[in-house]
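One structure, pasted below without further comment.
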Amino acid sequence: MLLPLFGFAHGVTNADQELLRNGGLWAYIQVGATHMLTGYDHLLFLAGVVFYLSSFKDILKFITVFTIGHCITLIGATYSGITANEHLVDAVIALSVLYKGFENLGGFQKLKVPNLLLMVGLFGLIHGFGLSTRLQSFDIGEEQVLAKILCFNLGVEIGQVLALIPIVFIITQSRKRKQFPAFYKAVNWYLVLAGIALFIYQLFGYFNGYG
């Protein structure tokens, strides 16, 4: 059930390419926002981060670190032309979803794991590299390259904010209900299973030459 949904997440389409070719810089903002809003792997990871936090101050801190991380690699890797196989990058992003769900469930309680803020920043770099591989799949021409990259990044940030508003609202409201512990456990187990499904799907795509 999960594979078709995630398999087509934030893919590169001819319609997007046509929009970028004819829409100017605004089109890069639009495609960046749409890319994030349909990037289920990115959103699942963000949901896992928010689920673990109880105060708005902590949410803002962790999301800021994640955002700085993915801005660095999205802008830097794209402008420098550094790329990698999309399936392998997305497989690592899938592992970040699995990691966050497992951690939220207390899976690392008996192990010494790195600082959570550090891990979120690291995964931000990886998620940004994934976004960069997608942007580099487009033909963005040779004019205003940096401006196009920055506009795409701005669109990603807008999409992230739009996605986080309902996520934070739902989680905040759910904390007020007595069923929250069960809800918390169910959602994080879903993150674990979704991460595994995404990882298998991306490896399958890599070894079979899809994309």
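The values are calculated or read from the model by the stated rules, or taken from the named source; none is laboratory data. As the structure is a computational prediction, the values presented were derived from the model and not from experiment. Positions of Cβ are generated from backbone atoms using ideal geometry, with glycine treated the same way; all protein chains shown enter the neighbour counts. Areas reflect the complete protein model, heavy atoms only, side chains present, ligands, DNA and RNA absent. Shrake-Rupley method; radii C 1.70, N 1.55, O 1.52, S 1.80 Å.
Cβ neighbours within 10 Å, averaged per peptide: list 142-150, 191-199 in order, most packed at the top.
191-199, 142-150
Quickly rank 27-36, 14-23, 170-179 as a protection proxy: mean count of other C-beta atoms within 10 Å, highest first.
By packing density, highest mean first, the sequence is 27-36, 14-23, 170-179.
Starting from 0.36 nm per residue, how many nanometres of slack lie between residue 80 and residue 144 once their C-alpha separation is accounted for?
The span from residue 80 to residue 144 would gain 21.6 nm if fully extended.
Can you tell which of 172, 155, 97 lies farthest toward the positive end of the dipole of segment 83-193, using +1 and -1 charges on the Cβ of basic and acidic side chains (Lys, Arg; Asp, Glu)?
Working it through, the farthest residue towards the positive pole turns out to be 172.
Separate question: With point charges of +1 on the Cβ of Lys and Arg and -1 on the Cβ of Asp and Glu, referenced to the Cα centre of segment 30-108, which listed residue (66, 46, 56) lies farthest in the positive direction of the dipole?
The one lying farthest along the dipole's positive direction is 56.
Go through segment 91-127 and name the trypsin sites (Lys or Arg not before Pro) that are in a DSSP coil and have 16 or fewer other Cβ atoms within 10 Å of their Cβ.
Values: sites: 100, 110, 112; in loops: 110, 112.
Here the trypsin sites (Lys or Arg not before Pro) that fit, given the DSSP loop and packing criteria, are 110, 112.
Per residue, how much accessible area does the chain have with a 1.4 Å probe, in Å²?
Accessible surface, normalised per residue, equals 53 Å².
On the accessible surface of the chain, probed at 1.4 Å, how many percent belong to carbon and sulfur atoms?
So the carbon and sulfur contribution to the accessible surface is 68 percent.
Where the only charges are on Cβ atoms (+1 Lys, Arg; -1 Asp, Glu), what is the dipole of segment 68-211 about its Cα centre, to the nearest 20 debye?
The dipole magnitude comes to about 1060 debye.
Is there a quick way to get the dipole size of segment 33-140? I mean about its Cα centre, with the Cβ of Lys and Arg at +1 and of Asp and Glu at -1; what is the value in debye to the nearest 20?
The calculated dipole for segment 33-140 is roughly 420 debye.
If you place +1 on the Cβ of every Lys and Arg, -1 on the Cβ of every Asp and Glu, and leave all else neutral, what size is the dipole of segment 40-103 about its Cα centre, to the nearest 20 Debye?
With only Lys, Arg, Asp and Glu charged at Cβ, the dipole is about 240 debye.
Net charge near residue 191, counting Lys/Arg +1 and Asp/Glu -1 over other residues with Cβ under 15 Å of its Cβ?
Details: positive: 100, 185; negative: 41, 103.
It works out to a net charge of 0.
Counting each DSSP H run of 4 or more residues in the chain as -39500 (n - 2.57), what helix-only mean residue ellipticity at 222 nm follows after dividing by all residues, to the nearest 500 deg cm²/dmol?
-26500 deg cm²/dmol
Quick one: which of 57/148; 57/100; 57/110; 110/185; 110/176 span more than 23 angstrom between C-alpha atoms?
Going by Cα-Cα distance, 57/148; 57/110; 110/176 fall outside the 23 Å limit.
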